[in-house]
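Q: My structure is below; once you've seen it, I'll send some questions.
The values are calculated or read from the model by the stated rules, or taken from the named source; none is laboratory data. From a predicted model like this one, the values you see are computed outputs, not experimental measurements. Heads up, the Cβs are rebuilt from the backbone with ideal geometry, glycines too, and the neighbour counts pull from every protein chain shown. The accessibility values were calculated without ligands, DNA or RNA, using every heavy atom of the protein model including side chains. Shrake-Rupley method; radii C 1.70, N 1.55, O 1.52, S 1.80 Å.
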Amino acid sequence: MPETIAFLEPKQSVLSRRAAIIEDLADLLPPGCLISETRGLVPFETDAFIAYRQVPLAVALPETTAQVAAVLKYCSRYGIPVVPRGAGTSLSGGAIPQADAVVIGLSKMSRILDIDFANRTATVQAGVTNLNISEAVSADGFFYAPDPSSQLACTIGGNIGMNSGGAHCLKYGVTTNNLLGVKMVLFDGTVIELGGKALDAPGYDLLGLVCGSEGQLGIVTEATVRLIAKPEGARPVLFGFPSSEEAGSCVAEVIGSGIIPVAIEFMDKPAISICEAFAHAGYPMDVEALLIVEVEGSEAEMEAMLSNIIEIARRHGVSTIKESQSATEAALIWKGRKSAFGATGRIADYICMDGTVPLGQLSYVLKKTSEIIDGYGLRVANVFHAGDGNMHPLILYNINDPEDAARAEAAGNDILKLCVDAGGCLTGEHGVGIEKRDLMLHQFSQADLDQQMAARAAFDPQWIMNPSKVFPLEGRPAA
């Protein structure tokens, strides 16, 4: 296992009081809401970024906002680090704990509190899964737009922490575009409410600051999200290309022409093979790259948009065009795409990158990514949200081979630097976590980071909230 990413040294003053801390936490929580035995703690030692792990001091599973507040107030009083946790699907190590930390998991806070069709909003507890929101309102003709590939498992609290997106974010936006309000507990147990059901709120946009803050400003316990009416119809279409570069150029021209489909997803040949073997979605196997383009609206609207997209695709050498002919075919197409990460895990360990690039640089970055991977003697499967340039190279490696793992991590860092150098950024939806923390100075100047850390410290002056994440350990202000 690589040990190249450092964590803060655990506080001996906390570790030495472990027994007393656990006893005190037990008094603050109902029976069955505290885990302290090693066997029970092991499932919380890592998240979906499995290269690093650490058993926490304890895990609190509160059932109410008041209980979250009580635990945070206690941890603040004694300087105990806190790691908020949703469903643990973070691909950047955002929920990996440390030995002196109390993990606060929100899985027991899983109720839908209010559905307001008149205002097109839903208010839910932070432990509600992303998909549950859409399922709760589907019969009435609505849905919740952000749809990460992990939407069956990931929870709205984690989505807010990482500003998650998904395949349909091209048209509907990511979490921040669909979030109207939160109830949040600060580091000292203070409960605040930001935003609400209105389209906008007076004062500073603190809600925008909280969304994507990776659990460092507080713990969101409730959220009010926007509901959207279902479209009249939707149709995914497969476009096969002779090269990844041609597929990337096609995406850039589609968006540059002013056409905004609901989704444009990209797969290269390795990803196509992996996903087809798992889902049997009917993907063409004789192409080097595949785009899944979904359009929606009335039949006339979909036909008009597809006609324009097909014309553009032909200018880029498209060799296969396959429209879904039924709801079953459409579901299979999306099953293959949304199963990509899990399907890849069947054949190899992998690190999933999350860099974002301008669409005009997409072909160039795809080509350079292949060169980087080849230079490290590794393999890669590319599958990502092409419409907004959010790349997800899956770097395949053997986690049990330390040298192989180190090469994969180094290759990933080079790809992320490439994205920044091409005019993009380190993360589109997975967050910084520990994975990209030490690359932040490649994206930002020290002055930029100082300002961001000052904003963080205004919420958490003790730096107890998810303290090893996001910002490089060097250059931090004294807590």
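Q: By how many nm would the segment from Q452 to R111 grow when fully extended, if each residue of separation counts as 0.36 nm and the alpha-carbon distance is taken off?
A: On the way: separation 341, 0.36 × 341 = 122.76 nm, distance 3.33 nm.
Between Q452 and R111, full extension yields an extra 119.4 nm.
Q: Sticking with this one: If D349, D438 are ordered by their accessible area, calculated over protein heavy atoms with a 1.4 Å probe, which sequence runs from highest to lowest? Can you show the working numbers first?
A: Numbers: D349 45, D438 85 Å².
Accessible-area ranking of D349, D438, largest first: D438, D349.
Q: When the scattering of region 110-182 is computed by the Debye formula from its Cα atoms alone, each counted once and equally, what is log10 I(q)/I(0) at q = 0.17, 0.19, 0.24 Å⁻¹?
A: For region 110-182, the Cα-only Debye profile gives -0.56, -0.71, -1.19.
Q: Short version: what are the Cα gyration tensor semi-axes of region 171-286, square root of 5 times each eigenvalue, largest first, in whole Å? Could the numbers behind the result be given before it?
A: Numbers: eigenvalues 311, 64, 42 Å².
That gives 39, 18, 15 Å for the three semi-axes.
Q: If you don't mind, there's one more thing I want to ask. To the nearest 20 debye, what is the magnitude of the charge dipole of region 1-70 about its Cα centre, counting +1 on the Cβ of each Lys and Arg and -1 on the Cβ of each Asp and Glu? The partial results should precede the final answer.
A: Details: 5 positive and 9 negative charges, 25 e Å.
For this selection, approximately 120 debye.
Q: What ranking, highest mean first, results for peptides 179-186, 162-169, 207-214 when packing means the other Cβ atoms within 10 Å averaged over each residue?
A: Numbers: 179-186: 23.0, 162-169: 25.8, 207-214: 20.8.
Highest to lowest by the protection proxy: 162-169, 179-186, 207-214.
Q: Enumerate the calculated ³J(HN,Hα) couplings along region 138-154 in order (Karplus 6.51 cos²θ - 1.76 cosθ + 1.60, θ = phi - 60°), each rounded to whole Hz, writing x wherever the residue is Gly or Pro.
A: Rounded to whole hertz, the list is 4, 4, 9, x, 10, 7, 9, 6, x, 9, x, 4, 8, 4, 5, 10, 5.
Q: If eta is 0.692 mPa s and T is 37 °C, what Stokes-Einstein diffusion coefficient results for region 274-330, Kirkwood Rh from Cα pairs, in µm²/s? Walk me through the numbers on the way to the answer.
A: Numbers: Rh = 12.9 Å.
It comes out at roughly 254 µm²/s.
Q: Using 5 Å bins from zero, what percent of all Cα-Cα pairs in region 1-138 falls into each bin?
A: 2, 9, 18, 20, 18, 13, 9, 6, 3, 1, 0
Q: Once the Cα atoms of region 294-396 are picked out, what are the Rg and Dmax in Å?
A: 16.3, 49
Q: Classify region 364-404 as rounded, prolate or oblate from the Cα gyration tensor: take a ≥ b ≥ c as the square roots of its eigenvalues, call it rounded if a/c is under 1.5, otherwise prolate when a/b beats b/c and oblate if not. Intermediate results must be reported in sequence, preceding the final value.
A: Numbers: a/c = 3.87, a/b = 1.76, b/c = 2.20.
Since a/c reaches 1.5 but b/c is at least a/b, the shape of region 364-404 is classed as oblate.
Q: Right, another one. If contacts are Cα pairs under 8 angstrom and at least 6 residues apart, what is the relative contact order of the chain in percent? Working shown, then result.
A: Details: 1029 pairs, mean separation 73.6, N = 479.
Relative contact order of the chain: 15 percent.
Q: Using only Cα positions of region 1-50, each an equal point scatterer, no hydration layer, compute I(q)/I(0) via Debye at q = 0.20 Å⁻¹ and quote the log10 values to two decimals.
A: -0.95
Q: Could I ask something else about it? Holding the Cα-Cα limit at 21 Å, pick out from K269/K322; K335/K469; K108/K469 the pairs that are longer than that. Spell out each step's value before the answer.
A: Working: K269/K322 17 Å; K335/K469 32 Å; K108/K469 25 Å.
Beyond 21 Å between Cα atoms: K335/K469; K108/K469.
Q: Also: Quick one: how many Å² of M465 are accessible to a 1.4 Å probe, rounded to 10?
A: So the heavy atoms of M465 present about 0 Å² to solvent.
Q: When the helices in the chain are scored as -39500 (n - 2.57) per DSSP H run of 4 or longer and the sum is shared across all residues, what 222 nm value do you end up with, to the nearest 500 deg cm²/dmol? Mind showing how you got there, number by number?
A: Values: 17 runs with 167 residues, N = 479.
Using -39500 (n - 2.57) per qualifying helix, the result is -10000 deg cm²/dmol.
Q: What is the diffusion coefficient of region 87-141 in µm²/s, taking the Kirkwood radius over Cα pairs and the Stokes-Einstein relation at 4 °C with a viscosity of 1.567 mPa s? All intermediate terms of the calculation are to be shown ahead of the outcome.
A: Numbers: Rh = 13.3 Å.
Answer from the Stokes-Einstein relation: 97 µm²/s.
Q: Averaged per residue, what accessible area in Å² does region 49-196 show with a 1.4 Å probe, protein chains only?
A: On the way: 4610 Å² over 148 residues.
That works out to 31 Å² for each residue.
Q: Could you compute how much accessible surface F341 exposes when probed at 1.4 Å, giving the result in Å² to the nearest 10?
A: 30
Q: Loop only by DSSP, 14 or fewer other Cβ within 10 Å of the Cβ. Give me the chymotrypsin sites (Phe, Trp or Tyr not before Pro) in region 169-262 that pass, ordered by residue number. It would help to have the intermediate numbers written out before the result.
A: Working: sites: Y172, F187, Y204, F239; in loops: F187, Y204.
Answer in residue order: Y204.
Q: For region 211-306, what does the relative contact order come out to in percent, with C-alpha contacts under 8 Å and a separation of six or more? Write down the numbers at each step before the final one.
A: Details: 108 pairs, mean separation 38.6, N = 96.
Reported as a whole number, the value is 40 percent.
Q: Taking the alpha carbon gyration tensor of region 329-479, what are the square roots of 5 times its eigenvalues, largest first, to the nearest whole Å?
A: Working: eigenvalues 172, 63, 57 Å².
Each semi-axis is √(5λ); the values are 29, 18, 17 Å.
Q: What number, in nm² with one decimal, is the all-direction average of the projected area of the convex hull of the alpha-carbon atoms of region 215-281?
A: On the way: hull surface 35.3 nm².
Averaging across all directions leaves 8.8 nm² for the Cα convex hull.
Q: Let me check something: with ligands and nucleic acids excluded, how do R337, R407, R120 order by accessible area (1.4 Å probe), largest to smallest? Numbers along the way, then the final one.
A: On the way: R337 5, R407 85, R120 115 Å².
So, going from the largest accessible area down, we get R120, R407, R337.
Q: At a threshold of 8 angstrom on Cα-Cα distance, excluding pairs fewer than six apart, so keeping six or more, what relative contact order does region 286-437 reach in percent?
A: Values: 157 pairs, mean separation 35.5, N = 152.
23 percent.
Q: Placing +1 at every Lys and Arg Cβ and -1 at every Asp and Glu Cβ, with all other atoms neutral, what dipole size does the chain have around its Cα centre, in debye to the nearest 20? Numbers along the way, then the final one.
A: Details: 35 positive and 56 negative charges, 157 e Å.
The dipole of the chain has a size of about 760 debye.
Q: Sort H392, H442 by accessible area with a 1.4 Å probe, largest first.
A: If we order H392, H442 from most to least accessible, we get H442, H392.
Q: Two-decimal Rg/Rh of the chain from alpha-carbon positions, Kirkwood Rh? Working shown, then result.
A: On the way: Rg = 22.4 Å, Rh = 23.1 Å.
With Rh from the inverse mean 1/r over Cα pairs, Rg/Rh is 0.97.
Q: Starting with the highest mean, order 17-23, 422-428 by the number of other Cβ atoms within 10 Å, averaged over the residues of each peptide. Provide the component values of the computation, followed by the final result.
A: On the way: 17-23: 14.1, 422-428: 20.7.
Most protected by this proxy first, the peptides run 422-428, 17-23.
Q: Could you work out how far the C-alpha centroid of region 325-392 sits from that of region 434-463, in angstrom?
A: Centre-to-centre distance over Cα atoms comes out at 29 Å.
Q: To the nearest 20 debye, what is the magnitude of the charge dipole of region 190-245 about its Cα centre, counting +1 on the Cβ of each Lys and Arg and -1 on the Cβ of each Asp and Glu?
A: In total the dipole reaches around 280 debye.
Q: Provide the per-residue ³J(HN,Hα) series for region 119-127, in order, calculated from phi with Karplus coefficients 6.51, -1.76, 1.60 and θ = phi - 60°, each as a whole number of Hz, with x at glycine and proline positions.
A: Per-residue couplings from phi come out as 9, 6, 9, 9, 10, 9, 6, 5, x Hz.
Q: Once you wrap a convex hull around the alpha carbon atoms of region 39-89, what is its projected area averaged over all directions, in nm²? Intermediate results must be reported in sequence, preceding the final value.
A: On the way: hull surface 16.1 nm².
The orientation-averaged projected area of the Cα hull of region 39-89 comes to 4.0 nm².
Q: Can you give the convex hull volume per residue for the Cα atoms of region 60-200, as a whole number of Å³? Spell out each step's value before the answer.
A: Numbers: hull volume 15.2 nm³, N = 141.
Measuring per residue, one finds 108 Å³ for the Cα hull of region 60-200.
Q: Also: Tabulate in residue order the Karplus-calculated ³J(HN,Hα) for region 202-215, using 6.51 cos²θ - 1.76 cosθ + 1.60 with θ = phi - 60°, rounded to whole Hz; enter x for Gly and Pro.
A: x, x, 4, 7, 5, 4, x, 6, 5, 5, x, 8, 6, x
Q: Rg(Cα) of region 394-447 divided by 2.2 N^0.38 Å?
A: Its radius of gyration relative to the 2.2 N^0.38 Å reference: 1.22.
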